[in-house]
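*Asks:* First the structure, then my questions, so here it is.
The values are calculated or read from the model by the stated rules, or taken from the named source; none is laboratory data. Since the structure is predicted, the reported quantities are computational estimates derived from the model, not experimental observations. Neighbour counts run over all protein chains shown; Cβ positions are idealised from the backbone, glycine included.
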Amino acid sequence: MSETIPFNRAAIEGTELDYIQATLQSGHTSSSGEFARRAGTILQQVTGAEEVLLTTSCTAALELSGMLLDLQPGDAVVVPSFTFTTTALAFARQGARILFCDIEPRTLGLDPAHLASLLDDSVRAVVPVHYAGIACDMGAVSEVLADRPNIAVIEDNAHGLFGRWRNQPLGSLGRFATLSFHETKNIVCGEGGALLLNEARDVDRARVLYDKGTNRRAFHLGQVDKYSWQDTGSSFGLSDTLAAYLFGQLEQRAPIQAKRQKLFDFYADALAPQAERLELRLPVVPAGAESAHHMFYLLVRDQQTRDRVLQDMRAAGVQPTFHYVPLHSSEAGRRFAARPTKCPVTDDVSGRLLRLPFFNNLKADDAQRVVDTLVRVLEGQPK
């Protein structure tokens, strides 16, 4: 029997192991080390951010952005219902109420029309998610927010590093943006993230909150003779051992992205001619957007079909998977919501979406097997 094709498999791409060993030999394995500096420099070059703070996760970066906004009970934050739990949790745990926004059916990003209907004076932030590394309609989102300058845009760019919108890097379009380096992402370090600061006004305070509420950075720069407690904060820094892993991956960003684009294009070219017959909808990359090639998803006819496809493909040794369960109708979502909202597109998409195996070193023969298995299952042929 053929070997099972997993949904994801992280890979060593270059000199990551050498860099990890170097941190262990250096004696500096905690945060704010040399590899963190190097990785941060690359991320600044890629995104154009004023400052990059490496964090233990994308969740931690979202939490830090909320702390920088001084969110208070009674404040509201708009997030899509179709996202990972921590897009909402990061702000709910700071006392904010959550307004769940529906997605639009093409990019699966925030629906600007629904967003406009949710806004009131309590809203402090809007969190667009660039699903699958494809930009949501940031032009329309910006128009909705044009007369509300006090609302911060926080891009949840966990999927979107290296994606672009109107020739601007995803992650550069809001006051803050967050990145993920979880093992399922394009660039990985096991667990890790980053907060991108796009406005100079936030940099100094962000460094204090990042360093456990202290002015430790000013001390290391020789600006004060000792550091002390200055503000709220937490321990957000990424271990330099993981930063070394991250830096090694970032050095290989061009070949990594080339592999992912090649796989994305293979799936698209193989399935597009059969999409109508098989009742499939492939990812849509709108004009002006450049995909980060984070994943390849499909929408099938209905949830019953989706569940059958998942079951039968897994039985055949191929492991696709579903994705987000709507947050607006979850137990915690109802508890933390500012008010009930209806998200019919989210409900529909969540039940019909599946993701194909997608990772840097998926072999061409295995990618063909994924396609053949999918087509055979959809046609109702024997396994």
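*Asks:* Taking the conditions exactly as written (surrounded by 14 or more Cβ atoms within 10 Å (Cβ to Cβ), assigned to a helix (DSSP H, G or I) and among the hydroxyl-bearing types (Ser, Thr, Tyr)), does THR41 satisfy them or not?
*Replies:* no
*Asks:* Hey, ARG308 hits all of (1) crowded, with 17+ Cβ neighbours inside 10 Å; (2) closer than 27 Å to GLY380 by Cβ; (3) in contact (Cβ under 8 Å) with a residue 60 or more places away in the chain; (4) not aliphatic (A, V, I, L, M) but one; which does it fall short on?
*Replies:* Against the list (1) crowded, with 17+ Cβ neighbours inside 10 Å; (2) closer than 27 Å to GLY380 by Cβ; (3) in contact (Cβ under 8 Å) with a residue 60 or more places away in the chain; (4) not aliphatic (A, V, I, L, M), ARG308 comes up short only on (1).
*Asks:* Pull out all pairs, ordered by first then second residue, where Cβ-Cβ is under 9 Å, the residues are six or more apart or on different chains, the first lies in the range 205-217 and is at pLDDT below 95, and the second is of a type in the set (Ser, Thr, Tyr) and in a helix (DSSP H, G or I).
*Replies:* Once the first residue is at pLDDT below 95 and sits in the range 205-217, its partners that are of a type in the set (Ser, Thr, Tyr) and in a helix (DSSP H, G or I) give ARG217/TYR210.
*Asks:* When you go through SER57, SER65, SER30 one by one, which is the residue that is touching a His at 6+ places or on another chain (Cβ under 8 Å), of a type in the set (S, T, N, Q) and touching a residue at least 40 places away in the same chain (Cβ under 8 Å)?
*Replies:* Step by step, each of SER57, SER65, SER30 is checked, and only SER57 is touching a His at 6+ places or on another chain (Cβ under 8 Å), of a type in the set (S, T, N, Q) and touching a residue at least 40 places away in the same chain (Cβ under 8 Å).
*Asks:* In addition: Can you tell me which residues in the range 282-297 are in contact with a Pro (Cβ under 8 Å, 6 or more places away or on another chain) and either modelled with pLDDT under 95 or part of a strand (DSSP E or B) (or both)?
*Replies:* Passing the criteria: only TYR297.
*Asks:* Next up: Go through the range 332-346 and report how many residues are hydrophobic (A, V, I, L, M, F, W, C), part of a loop (DSSP other than H, G, I, E, B) and buried (at least 20 other Cβ atoms within 10 Å of the Cβ).
*Replies:* 1
*Asks:* To continue, here is another question. Quick one: in the range 225-257, which of the residues that are in contact with a strand residue (DSSP E or B) (Cβ under 9 Å, 6 or more places away or on another chain), surrounded by 16 or more Cβ atoms within 10 Å (Cβ to Cβ) and not aromatic (Phe, Trp, Tyr) is farthest from GLU13 (Cα to Cα)?
*Replies:* GLN230
*Asks:* Could you tell me whether GLU3 is surrounded by 15 or more Cβ atoms within 10 Å (Cβ to Cβ) and either more than 20 Å from PHE176 (Cα to Cα) or under 16 Å from the mean Cα position of the chain (by Cα) (or both)?
*Replies:* no
*Asks:* Considering only the range 112-228, give the strands (runs of 3 or more DSSP E) lying wholly within it that have at least 2 residues that are polar (S, T, N, Q).
*Replies:* In the range 112-228, the matching strands (runs of 3 or more DSSP E) lie at 176-180.
*Asks:* Which residues, taken from the range 127-166, are polar (S, T, N, Q) and either outside the structural domain of LEU196 (by TED's automatic domain parsing) or under 21 Å from ASN186 (Cβ atoms) (or both)?
*Replies:* Filtering the range 127-166 down to residues polar (S, T, N, Q) leaves 142, 150, 157.
Of everything in the range 127-166, just one residue is polar (S, T, N, Q) and either outside the structural domain of LEU196 (by TED's automatic domain parsing) or under 21 Å from ASN186 (Cβ atoms) (or both), namely ASN157.
*Asks:* Does VAL188 count as at pLDDT 95 or above, more than 21 Å from VAL79 (Cα to Cα) and surrounded by fewer than 21 Cβ atoms within 10 Å (Cβ to Cβ)?
*Replies:* No, not satisfied.
*Asks:* With the condition kept exactly as written, say whether any residue in the range 312-322 is assigned to a helix (DSSP H, G or I), among the acidic types (Asp, Glu) and surrounded by fewer than 16 Cβ atoms within 10 Å (Cβ to Cβ).
*Replies:* No, that holds for no residue.
*Asks:* ARG352 versus (1) surrounded by fewer than 17 Cβ atoms within 10 Å (Cβ to Cβ); (2) of a type outside the set (Asp, Glu); (3) touching a strand residue (DSSP E or B) at 6+ places or on another chain (Cβ under 7 Å): which is the lone unmet condition?
*Replies:* Here ARG352 meets the rest and fails (1).
*Asks:* Output the residues belonging to the range 58-82 that are part of a loop (DSSP other than H, G, I, E, B) and either modelled with pLDDT under 95 or touching a helix residue (DSSP H, G or I) at 6+ places or on another chain (Cβ under 8 Å) (or both). Full working, then the answer.
*Replies:* Kept after step one, since they are part of a loop (DSSP other than H, G, I, E, B), are these residues of the range 58-82: 69-75, 81-82.
Listed by number, the residues that qualify are LEU71, GLN72, PRO73, GLY74, SER81, PHE82.
*Asks:* What number of residues within the range 1-38 satisfy the criterion of being under 29 Å from LEU362 (Cα atoms) and in a loop (DSSP other than H, G, I, E, B)?
*Replies:* Counting residues in the range 1-38 that are under 29 Å from LEU362 (Cα atoms) and in a loop (DSSP other than H, G, I, E, B) gives 14.
*Asks:* Let me ask something additional. Output the residue which, of all residues in the range 58-84 that are small (Gly, Ala, Ser) and within 22 Å of SER122 (Cβ to Cβ), is surrounded by the fewest Cβ atoms within 10 Å (Cβ to Cβ).
*Replies:* GLY74
*Asks:* Which residues, taken from the range 208-224, are over 19 Å from GLU34 (Cα atoms) and buried (at least 16 other Cβ atoms within 10 Å of the Cβ)?
*Replies:* Within the range 208-224, VAL208, LEU209, LYS212, GLY213, THR214, ASN215 meet the criteria.
*Asks:* I would also like to ask the following. Return the residues of the range 347-372 that are of a type outside the set (Lys, Arg), over 20 Å from SER2 (Cβ atoms) and either modelled with pLDDT under 95 or assigned to a helix (DSSP H, G or I) (or both); say none if nothing qualifies.
*Replies:* Once the filter is applied, which keeps residues that are of a type outside the set (Lys, Arg), over 20 Å from SER2 (Cβ atoms) and either modelled with pLDDT under 95 or assigned to a helix (DSSP H, G or I) (or both), the range 347-372 yields ASP347, ASP348, VAL349, SER350, GLY351.
*Asks:* A further question on this structure: What are the residues in the range 73-88 that are of a type outside the set (D, E, K, R) and under 17 Å from VAL153 (Cα atoms), if any?
*Replies:* Step one: of the range 73-88, the residues of a type outside the set (D, E, K, R) are 73-74, 76-88.
Correct list: ALA76, VAL77, VAL78, VAL79, PRO80, SER81, THR83, THR86, THR87, ALA88.
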